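To start, the structure itself, in structure tokens.
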Amino acid sequence: MTLTLQEVEHIANLARLELSPAELALYREQLSAILDHFSRLQQLDTSGVLPYSEARQESMPLRPDQARPGLSTEALLKNAPAAEDDQFRVPPVLD
Amino acid sequence: MGVRQDYEAVIGLEVHAELQTESKMFCACPVVDSTVAAPNIAVCPVCAGMPGVLPVVNRRAVELALRVALALECEIAPLSVFARKNYFYPDLPKGYQISQYEQPLARNGGLTIFVSTGEKRVRIRRVHLEEDTGKLTHVEKNGQSYSLVDLNRAGVPLLEIVTEPDLHTPEEVRAYAMALRSLLRYVGANSGDMQKGVMRIEPNVSVRPAGSAELGTRTEIKNLNSFRALERSVDYEIRRQSELLRQGQRVVQQTLGWDEARGVTVAQRSKEEAHDYRYFPEPDLPPLVLDPAWVEQIRRDLPELPAARYRRFQQQHGLSAYNAEVLVAERPVADYFEAALAARPELPPKQLANWITGELFGWMNTYNQSIDEIKVAPAALAELVGMVVSGEINQNTAKSVLAEMLESGKSAAQVVKEKGLRQVSDQAQIEAWVEQVLADNPTQVESYLSGKETVAQWLFGQVMRLGRGQANPQVVQQALQRKLLAIKQSHTR
């Protein structure tokens, strides 16, 4: 199964990635290969098997509602490419 | 421009309510008031979306969600599944929001609302758990344009409550939102502090020819956080869509924002088209399997809910619909009323209710206090009202006594004693006052005798003034009538 270039562009757009024509072609090939792999898995007969999410019937461990401090603001922002006024600074977003 | 009756609106509501927990939904970071806290003081690797971390669900958030779902008479799913809702936006550090999609926590409930046309049950489609996003601030500075990200709110537990499209008027929409807010507060799930954005409402609105069974194209208004904005925006949207259809145009399906200043809805660029969220089950969390005994325990522990209390206050205490509604809206107020009544079961409930909704609410509004903060306990108010009912003090005196009680925290009896405010019903004293007033105002008495009967009311006021407002008005009235009649008779004779 081969993705169209438009589909790759759409996926890139959802991920907020701007791709060059060469990159689009490259990712089209790679993404198509991944889909091919999954379509092989699709051929398995799983009619008797519960979906993963339901197969794990053990009850989920829940956490008591107790707060404890997280990272210091300084540590949190340490690796941010840009920060200002104790916040992450990012390209403009307008709602 | 009035909406002609030939179009009918069909409205559904989505409400996002933050759950009042100590810590976040999937990590132990404290939940802070994001409108006042310094930015990024309650963030850890989990809610910052760092690699290699794992979410763990907050038990209290599940419990509060169950309280709400049960209060909304929903069916609770014995097994529900968390899912990833994928989109890229700077307020969402992981690149996905953990939510519930195909298998929500609860479905098929209902909430009763009371509107001018009567009682109505609004069906609830689903209730599910998710997490809140961070907060973005747009900045224009030194010719640069950028956004700042505060993640304090990212990961705060959020409950989404979705109705069926059962609402048809702005009044119903408002009544539903207010009833839901009241219910959320009753069960302790949400503070109801609308200005802080802890409850956000998104109506979707469509119109269709009245009587038609088909649904029209709908628009969605995002992120409303006041009842006024909700009611106005829905009203505007109904008119706008009706007008389009009347002119033979089509309604475009879109996401709208509400411009409060201009009073209009405006198109918004939507973050993503719905089908591109690429939901899939959250691989880091097993399904949420609920212990039926726990659910039953929560159901048993639910308090009496606002709608039931509203009906009971009218039936059991004979309150008006208005008084019942006002008292019931907030649980502490309803509790206060019932505690006061329990202290003096012989008091007329209506009178007690009027003191609370009148004088007490007036004070609370003026001084911005809640009923838990005022210095007058329920039993103390009941004592005061008891003194009015028995005639010990009159209504006006009681108002100033209550003001003093609210100020100082003293009891009614204390205030009355200290200020010598006890109502004077003593016949001889009151007759003396009446005689003095009549003697001091011969002209007015003359004009009364010549047929100007309204002067009697003025004379009454003079007697009350002389008695510094403490005279029992009924005794004064009777004494005055008697004296005037006597003068009249001696005159004609």
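Across segment B:106-157, the number of residues qualifying as within 11 Å of chain A (Cβ to nearest Cβ), without any contact (Cβ under 8 Å) to a residue 12 or more places away in the chain and of a type in the set (Gly, Ala, Ser) comes to 1. Cβ separations smaller than 7 Å between residues 6+ apart or across chains give the following pairs from segment B:223-235 residues that are touching a residue at least 40 places away in the same chain (Cβ under 8 Å) to residues that are of a type in the set (Lys, Arg) and crowded, with 16+ Cβ neighbours inside 10 Å: B:PHE227/B:ARG174; B:LEU230/B:ARG174; B:GLU231/B:ARG174. In summary, B:TYR7 fulfils each of the numbered conditions (1) within 19 Å of B:SER99 (Cα to Cα); (2) away from every other protein chain (no Cβ under 14 Å) with the single exception of condition (1). The set of residues from segment B:179-190 being buried (at least 19 other Cβ atoms within 10 Å of the Cβ) and in contact with a helix residue (DSSP H, G or I) (Cβ under 8 Å, 6 or more places away or on another chain) comprises B:ALA179, B:ARG181, B:SER182, B:LEU183, B:LEU184, B:ARG185, B:TYR186, B:VAL187, B:ALA189, B:ASN190. If only residues of segment A:62-76 that are part of a loop (DSSP other than H, G, I, E, B) and within 7 Å of chain B (Cβ to nearest Cβ) are counted, the one that is surrounded by the most Cβ atoms within 10 Å (Cβ to Cβ) is A:GLY70. All but one of (1) out of contact with any Pro (no Cβ under 7 Å at 6 or more places or on another chain); (2) part of a helix (DSSP H, G or I) hold for B:THR35; which doesn't? Evaluating B:THR35 over (1) out of contact with any Pro (no Cβ under 7 Å at 6 or more places or on another chain); (2) part of a helix (DSSP H, G or I) leaves (2) as the failure. Filter segment B:377-419 down to the residues that are assigned to a loop (DSSP other than H, G, I, E, B) and either among the aliphatic types (A, V, I, L, M) or touching a residue at least 40 places away in the same chain (Cβ under 8 Å) (or both), then identify the one that is surrounded by the most Cβ atoms within 10 Å (Cβ to Cβ). The qualifying residue surrounded by the most Cβ atoms within 10 Å (Cβ to Cβ) is B:ILE393.
Of the set (1) part of a loop (DSSP other than H, G, I, E, B); (2) acidic (Asp, Glu); (3) more than 14 Å from chain A (Cβ to nearest Cβ), all apply to B:ASP284 but (3).
Here the strands (runs of 3 or more DSSP E) wholly within segment B:80-174 that include at least 1 residues being surrounded by 21 or more Cβ atoms within 10 Å (Cβ to Cβ) and under 28 Å from the mean Cα position of the chain (by Cα) are B:106-115, B:118-131, B:157-163.
Only one of the listed residues (B:VAL62, B:VAL68) is at the interface with chain A (Cβ under 8 Å from one of its Cβ atoms) and touching a strand residue (DSSP E or B) at 6+ places or on another chain (Cβ under 9 Å). That residue is B:VAL62.
Each reported figure results from applying straightforward, stated rules to the coordinates on display, with no laboratory input. None of these values were measured; they are calculated from a predicted model. Cβ sites come from the backbone with ideal geometry, for glycine too, and all protein chains shown count toward neighbours.
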